[in-house]
1. Let me check the size of the chain from its C-alpha atoms; what are the radius of gyration and Dmax in Å?
2. Provide the convex hull volume over Cα atoms per residue for segment 1-107, in Å³.
3. Just how large is the dipole of the chain about the Cα centre, in debye to the nearest 20, putting +1 at every Lys and Arg Cβ and -1 at every Asp and Glu Cβ?
4. Restricting to DSSP H runs of at least four residues, report the calculated mean residue ellipticity at 222 nm for the chain, -39500 (n - 2.57) per run over all residues, nearest 500 deg cm²/dmol.
5. Please give the charge dipole size of segment 174-232, origin at the Cα centre, charges +1 on K and R Cβ atoms and -1 on D and E Cβ atoms. Round to the nearest 20 debye.
6. For segment 47-165, what does the relative contact order come out to in percent, with C-alpha contacts under 8 Å and a separation of six or more?
7. Which one, 143, 117, 58, has the greatest fluctuation when you compute a Gaussian network model over the chain with C-alpha springs under 10 angstrom?
8. To make sure I understand, if each residue's beta carbon is the centre and we count other beta carbons within 10 Å, what order do 149, 171, 88 fall in, fewest to most?
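Here, each number is a calculation from the coordinates, and none is a lab measurement. Predicted model, so just to flag it, every value in this text is computed and none were measured. Virtual Cβ from ideal backbone geometry, glycine too; neighbours counted across all protein chains shown.
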Amino acid sequence: MSEGDAILKGFIEATNLTVAVAVVPSVAQEARRRHGLRAVSAALLGQAFAAAGVLTALQKGDTRVNLQLECDGALRGLLVDAGVDGTMRGYAKNALVDLELGADFRWRAALGNKGFLSVLRDIGSEYYRSSIELEAFELVADLNRYFVMSEQVKTHVAIATGARGAEPLGMVAAVLVQALPNGELTALEALGATLQASLEAAVADASIVTADALFGRLFPALAVTQRTPARFACTCSKQRTLDTLRSLGKDELQEIIDTAGSTAVTCHFCATKYEVSLPELFALVEELEGGSLKN
Ligand SMILES: [Zn+2]
């Protein structure tokens, strides 16, 4: 159950289309557990993990993609950071959103009436960030608009989540199709027109539990050319926490010592709490006072 999350890539040679499928239920469930997310916060963050997963499939080298949603609804926003290596982390600004409406307004209570979707792509040494205003207030529709407005390359994306047994996030998936140079745009549009419905049907089929099975349902007879296992993983550590505290400077550290005596720093991305004791704070101040003399 905790295994199997993956990002798969394939290539439709006849029409020069690239396809990517992200299946990340375990990542979504791990985020829900770590952050104590209620149903709607968990579902929207799960969608964002799946979307970021297929976006990483378009990246080159050992880079990362950030997908950020800011909104005036109850959720307030979310952020997912995903690496080409399959590591993912993220959080919802409000963990406690539980209200889901019917039909076309399903996510409106969570997302509200105004907001932005931003994608930050790390292209080697540079970052490209582009944002669009939310219009559909549904991640998949606004992400498709993002591709129309921000990217040069014709792309279609679909996202769906579905239950497996008692687990509401038993299947969390996204699929992307993109035309390569010389790609057949009519074939792309034909695939794009049914992509969301095809993914929803596959996600609704409880017999499909693996990334490969989902890929096979969506693209029968197409070979998987690249398989990247995905997992929830954060880059934070006690050492990084101490580095951050050290960067506050001597005076501010002394104030923490004088007022609180010790401190705790919680990582936004993974909710890990790092306790920093009084002796550790003293050591940081000493380091800053001593400077290079001690070495
Ligand atoms: Zn962390």
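1. Here Rg and the maximum Cα pair distance are 21.5, 70 Å.
2. Working: hull volume 13.8 nm³, N = 107.
Cα convex hull per residue, to the nearest whole number: 129 Å³.
3. It comes to approximately 380 debye.
4. -11000 deg cm²/dmol
5. I would put it at about 260 debye.
6. With pairs under 8 Å counted, the relative contact order is 23 percent.
7. 58
8. 149, 171, 88
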